[in-house]
Every structure is written in C-alpha cells, then in structure tokens.
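Chemist: Encoded as structure tokens, here's the structure I'll be asking about.
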Amino acid sequence: MNPHRHPILTPIAGRIPPTLSAPLAMRLDAAMQAALPTLLAREAYVVTRVATLLDVLAVAPEPADLVQLEHDVRTLKQQLRDLACQGQPGLRAIELADRLLASERPELMDAAWSPAWLHAAEMRWLDKFNRDLGNYARWQALVLAAVADVPEARIEDVAAGAAGFLLWLAEHTDRRDLHLSASDYSTNYVAQGQRAAARAKPGAIPVAVLRRDATHLASIAGQVDLIVCTQATHHMPPALIARLVHQGLRAATHGVLLIDVLRSAGGMLAAGIGTNLSTPAPPLMIDAMQSIRRGFLPAEFALYGHLAGARYVRADAQGPAYAVLHARLHAQ
Ligand SMILES: C[S@@+](CC[C@H](N)C(=O)[O-])C[C@H]1O[C@@H](n2cnc3c(N)ncnc32)[C@H](O)[C@@H]1O
C-alpha cells in the first residue's frame, strides 16, 4: 500500500455525495440556483452596473470602482439568499445557520505576521493532502473534459501556490499535447514551484511557473484555452473573485474552471477530524476549518459566472468537499 495514502480517508474522499454530507447546504443551494434567473432579471440595473465596472476595471483599475463593485456583489449575494428563502421558514432557518457558519476571518496563512516557513509548510501539506486524497485526479478529469476538443490546449492554473496541481497533472496525464503554466502572485510560492518543476520526473510535460496576479488577466486576453483556479478564491473578497472570472473568461477560449471549498457544517467537522488524524499541527487544523467557513455554495459561484458575462454557466458540488464552476463566455 502507498504509505502516503490514509487508510480510512482516501477510499471515501470524493465518493460521498454532497446531498449526504451537506444535505442542508445543498437544499439552500438548490433554492438559490432556482432563484438566480429571477434575481438577475429583477436587478438588471445593478447587474449591468457590475458588468460595466468589471469592463472598466480590466483596463483602468480605480479604487472607487472596486469599492462599488464589492458593495454591489455583496448586495446581490444577500438578495439571492433572501429571494431563495422567501415564504419558506424552513429554508430561512437553514440560511441563518449558514450565515453563522460563514466567516470572513482570514486564515493564518493569510495573516501579515505569519512567517514564510509556515506558508511553505502549509503549501507542502496542502499538496500532500490533495495528492493523497485523490483530489488532483478528480480535478484533472474536470480540466481535461473542459478542453477535450482543443488540440494543443493551453491551460493556466492561476493562484496556483507552488504549482502542485499542474505538476501532478503533467506527470499523470495521457495527453502529451498540453501547454501548462502555473502562476501565483507570491514570489515565495513561485520560487517554491519553480524548484519543484526543476525536479519533475523524466517524461512529465514541462510546466512554466510564473508570477501573475489572478485578478489581472487582461494582458493575456485570448492567449490561453482554460483558466483554472483551485482552492484559492476563498482567499479573495467578492469583487476580486468577480474580476478573476470576468478577466479569465476573456483570457481563455474555453472559459474558467473554479474549484474551491464547499461550505457546510459537515465539511467543517470532517476537516477538523481529518486534519487531526492526518496532520496534528494546530495552524494547519485551524486553517483547514476556517477555509471551509470561507468557502462557497455552488449557487454563489454561478452568480459570479453570470455577473462576469458568461453565457454558459455550470455550478455544482463535486463530492462532499468542493464547489465547482465552469463558465464560458459563449453558450458552446
Ligand atoms: C490555499 S492556496 C491554493 C494554492 C493552489 N491553488 C492549491 O490548490 O493548492 C491560495 C493561493 O492563492 C494565492 N493568491 C491569492 N490571491 C491571489 C491573487 N490575487 N493572485 C494570485 N495568487 C493569489 C496565494 O498566494 C496562495 O498561493
């Protein structure tokens, strides 16, 4: 048996349906997804203002526009929740519980005072966690499906940390025609990723590791086929997520694939128990649980897709732990 794989967690990770692990979150999500078209039609004026702000911010970022965008996106998110729960006290109770669960408090790895060694250690642990639990393999399937009809597909993983996912994919995929790049705005993570890329196994596809802000993608408009972003949007405020999706849709011919933590009480409990069994280091345990509280319901991802101007928007839960958005500018 592979000594890196956890005997209990690995076999069940990803196999539990979200309706079983997060039944209440999924009920709220279904109601929010159903309410989304009504919200977008009812708030057409604000939706148009958001689209205009996103267009302007792509070419001439102004702090005041970012403040307005943040306000508008937050307001729409709350209105979506309210609309979904209208006249349904049971759903409202679930919504209130979800509001208590959700938290915007930064993770320790985002705190200005946290040392570089902690950042590097968290990134290594996250990489090991994703390898061991089969997350990379599941994300690979989503990525390859999104570019199935694109020969020589150019894929950029943004906010990629130390490039763990694409380095894994480069080693394991059967598709030898992919052009892979991984970017992050942290020079430390980029350096960590470049060192890892230099140590790649013979036969792996090369991965370019570079520095880039995931919310400033206008300079690569049309230059890639898929923008991927895993486990990073929960580190960003709503306006920046909207910017990432908006600019990503214009950077990539086949759209944006966001994969991030599904917010649910069950997920938070599992993260607490799972990190306790696999990595009993307090900062990692705290951040694992906090990342779930900062996570998403798929309907929130869908809202970002529509606000960013996507015509094709698919947002759902993947397994017990992840919310996934695939958005494309054109309907197919
Ligand atoms: C939890 S790590 C996830 C790393 C990797 N995507 C993964 O799944 O393992 C979050 C990453 O997002 C990066 N990040 C946050 N905001 C960013 C931005 N605006 N541009 C680029 N990177 C960003 C951080 O530097 C960090 O490496």
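The values are calculated or read from the model by the stated rules, or taken from the named source; none is laboratory data. A quick note: this is a predicted structure, and the numbers were derived from the prediction, not measured. Note that each Cβ is placed from the backbone with ideal geometry, even for glycine, and that neighbours are counted across all protein chains shown.
Chemist: Could you list all residues from region 180-205 that are touching a strand residue (DSSP E or B) at 6+ places or on another chain (Cβ under 8 Å), more than 8 Å from the ligand (Cβ to nearest atom) and over 28 Å from P151 (Cα atoms)?
Modeler: The answer is T187, and nothing else.
Chemist: Any idea which residue in region 144-168 is surrounded by the most Cβ atoms within 10 Å (Cβ to Cβ), counting only those that are acidic (D, E) and more than 7 Å from the ligand (Cβ to nearest atom)?
Modeler: Only one residue tops the list, namely E156.
Chemist: Still on this structure, please answer the following. Please determine, by comparing only the residues of region 176-192 that are assigned to a loop (DSSP other than H, G, I, E, B) and closer than 28 Å to L118 by Cβ, which one is modelled with the highest pLDDT.
Modeler: Among those that are assigned to a loop (DSSP other than H, G, I, E, B) and closer than 28 Å to L118 by Cβ, it is Y185.
Chemist: Does G255 qualify as being crowded, with 24+ Cβ neighbours inside 10 Å, away from the ligand (no atom under 16 Å from the Cβ) and closer than 26 Å to D65 by Cα?
Modeler: In short, yes.
Chemist: On to the next question. Residue pairs, Cβ under 6 Å, 6 or more apart or interchain, first in region 105-131 and under 19 Å from A270 (Cα atoms) and assigned to a helix (DSSP H, G or I), second near the ligand (Cβ under 10 Å from one of its atoms) and not aromatic (F, W, Y). List them.
Modeler: Cβ pairs passing all conditions: E122/M109; D127/G164.
Chemist: Please verify whether region 206-226 includes one or more residues that are part of a helix (DSSP H, G or I), more than 15 Å from the ligand (Cβ to nearest atom), free of Cβ contacts under 8 Å to residues at least 60 places away in the same chain and of a type in the set (S, T, N, Q). Show your work before the answer.
Modeler: Going through region 206-226, the residues part of a helix (DSSP H, G or I) turn out to be 218-220.
Filter again for more than 15 Å from the ligand (Cβ to nearest atom), leaving none.
The answer is no, given that none of the residues of region 206-226 is part of a helix (DSSP H, G or I), more than 15 Å from the ligand (Cβ to nearest atom), free of Cβ contacts under 8 Å to residues at least 60 places away in the same chain and of a type in the set (S, T, N, Q).
Chemist: What number of residues in region 90-133 are more than 16 Å from the ligand (Cβ to nearest atom), among the charged types (D, E, K, R) and surrounded by fewer than 16 Cβ atoms within 10 Å (Cβ to Cβ)?
Modeler: Of the residues in region 90-133, 1 are more than 16 Å from the ligand (Cβ to nearest atom), among the charged types (D, E, K, R) and surrounded by fewer than 16 Cβ atoms within 10 Å (Cβ to Cβ).
Chemist: Would you point out the residue of region 285-324, among those that are under 15 Å from the mean Cα position of the chain (by Cα) and among the charged types (D, E, K, R), that is farthest from R99 (Cα to Cα)?
Modeler: R314
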